[in-house]
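Below is one structure, written out as C-alpha cells; comments come after it.
The values are calculated or read from the model by the stated rules, or taken from the named source; none is laboratory data. Just so it is clear, the structure is predicted and the values come from calculations on it, not from any experiment. So basically every Cβ, Gly included, is an ideal-geometry build from the backbone, and we count neighbours across all protein chains shown.
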Amino acid sequence: MSVFDGKLRIEVAAASGIEAVTKRELVRLGYTPEGAERGRICFEGRFSDVLRANVFLRTAERVRIVLFSAPADSFDALFDSVYAYPWQEVIPSRGRVTVNARSHASKLFALSAVQSITKKAIAKKLMNCFSLSSLEESGEEYRIEVSLESDVATVTLDTSGDGLHKRGWRTYLGEAPIRETLASAMLQLSVWKADRPFIDPFCGSGTLPIEAALMGRNIASGMNRHFACEDFEFAPKLRLEVQREAEQLIDRDVKLRISGFDIDRDAVKLAMKHARAAGVEGNIHLQTCDMRDVSSRFKYGVIVTNPPYGERLLQENELRTLYADFGKMCTALEEWSVYVITSYRAFEKYFGRRADKVRKLYNSELECGFYTFLGARPPREGRESKTE
Ligand SMILES: C[S@@+](CC[C@H](N)C(=O)[O-])C[C@H]1O[C@@H](n2cnc3c(N)ncnc32)[C@H](O)[C@@H]1O
C-alpha cells in the first residue's frame, strides 16, 4: 500500500492570468476544481487523474500531489511535521530527493534553511524506516516543494518533471518564441474553433499554428513526452491506459484551415520542422511571406498572434509602422476576429482600432496586453462574444 493508491489532492500550477482557462480545462476533463488564484488550482482525484492532468492539460505549467499541510512557525515544528509523514510510502530507499521552498507572510522565510530542514527530516525518516545509516540517492528524482503561507507549510511532490510547456516537438527555440502553454491559453481565450479559418501572420517557430492544430485534431498536448511520476517506484503503472484514452480521442478526419506566415525564411523552416515533429504538418499551411501580403478568401476567420515587441526585436518607429500595416491587413480581412499579445502599450493607437477587451498576460515575465478585436460571427450565430 502506498499513498499513490488512495485519494489524492492534486495541485495544478498555471501562469498568472490564465488560471481560469486551466480551471475550465479541468472541468472539461470531468473534475471539480477549487480556487484559481495565485497560479494554483486544486482538485481531488486518484493517481490516474495525475497522469490525465499531465497528458491532457494544455495550459498548465506542472501538476503536483499535495502530500500534507501543517502549521510551521518554527524550524522545529517544520521538522516534526515533515518527519511525521510516511515518506517510506512515497520515496524508495535509493530515491534522490530535491527540495524547493517558497514563503509568503511567514516567520520562516530563509528558503535555503527551510529546504535543508525539510530534506533532513525526510532523510532521517527514510533511514529509520529502511534501517540505513545513509542514503545512496542513486535512483529517480523526487522533487518536493515546501510552500509556506501564513505559517502553514504545504508540502507537495512534483509529478511532471520537465515543465508542461515542453510538449516534445520543439527542437530549437527560434527568435522570441512564445510558450506553448501561453499560446494554448490565447487560443482558448479566443473564439477560434476547429471549423473556422486561422492565421498567425507572425508565426516564427510555429507555436500558435501548431497548438491550434493539436487542439483542432484533439491531440493531447502531453502525448509525446515522459512525466516524472511514470518513474515513481511505488505508483501504479497507468501511462498505457491514459495513452490509449488520448489516442482514441484524436480526430483523424477533421479538415482544418490553419496558416502561419513569417517574413523570416529560417523561422518558417523551423516551424515546418516543428509541425512535422508534432505530427500536424498535414494540417498547417506554412509560408515565408511579409504579413502585408497576407490575405484570405475566407470570412469569419480568427487571427491569434504574437508580433514583434519593441523591447526585443525592432526599433520603435519600425514597430509603429509594422503595427499600422498590420491594422490595415486585418481591416482587409472581412469579419475576422483578431487577438494580439504585445507589451507595447500604445498598440491600439498604431493598429488603428480600439480593442473590445484587453487582458493582462505575461510572456516570460514581461507584462503584456492581450488585445481582443471581435469580428462578426458566422451568419446564424449573431455577434461575436467570448465569456470568461
Ligand atoms: C515574437 S516573434 C513570433 C514568435 C512565435 N510566436 C514563436 O512562438 O516562435 C515575431 C515574428 O514576427 C516576424 N516578423 C517581423 N516582421 C514581419 C513581417 N513584416 N511579416 C511577417 N513576419 C514578420 C519575425 O520574423 C518573428 O519571427
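Checking region 184-207 against the condition returns no match, with no residue being charged (D, E, K, R), within 16 Å of the ligand (Cβ to nearest atom) and part of a loop (DSSP other than H, G, I, E, B). Answer yes if at least one residue in region 246-259 is closer than 30 Å to residue 91 by Cα and either in contact (Cβ under 8 Å) with a residue 40 or more places away in the chain or part of a loop (DSSP other than H, G, I, E, B) (or both), and no otherwise. There is at least one residue in region 246-259 that is closer than 30 Å to residue 91 by Cα and either in contact (Cβ under 8 Å) with a residue 40 or more places away in the chain or part of a loop (DSSP other than H, G, I, E, B) (or both). Evaluation of residue 175 against the conditions (1) of a type outside the set (A, V, I, L, M, F, W, C); (2) crowded, with 21+ Cβ neighbours inside 10 Å; (3) near the ligand (Cβ under 9 Å from one of its atoms) shows that the sole unmet condition is (2).
Note on region 346-368: residues that are under 18 Å from the mean Cα position of the chain (by Cα) and either buried (at least 19 other Cβ atoms within 10 Å of the Cβ) or part of a strand (DSSP E or B) (or both) amount to 8. Can you name the residue in region 235-271 that is within 22 Å of the chain's Cα centre (by Cα) and within 14 Å of residue 208 (Cα to Cα) and, of all such residues, is farthest from the ligand (Cβ to nearest atom)? The selected residue is 258. Filtering region 218-226 for residues that are within 16 Å of the ligand (Cβ to nearest atom) and at pLDDT 95 or above leaves a non-empty set.
Do you know which of the residues in region 272-305 that are in contact with a helix residue (DSSP H, G or I) (Cβ under 7 Å, 6 or more places away or on another chain) and assigned to a loop (DSSP other than H, G, I, E, B) is nearest to the ligand (Cβ to nearest atom)?
Only one residue fits best here, namely 294.
As a summary of the residue check, residue 76 satisfies the conditions (1) touching a residue at least 12 places away in the same chain (Cβ under 8 Å); (2) in a helix (DSSP H, G or I); (3) over 30 Å from residue 222 (Cα atoms) except for the one numbered (1). Contact annotation: residue pairs with Cβ atoms under 9 Å, 6 or more positions apart or on different chains, pairing a residue in region 16-45 that is without any contact (Cβ under 8 Å) to a residue 12 or more places away in the chain and surrounded by fewer than 17 Cβ atoms within 10 Å (Cβ to Cβ) with a partner that is charged (D, E, K, R) and part of a strand (DSSP E or B), are 34/44.
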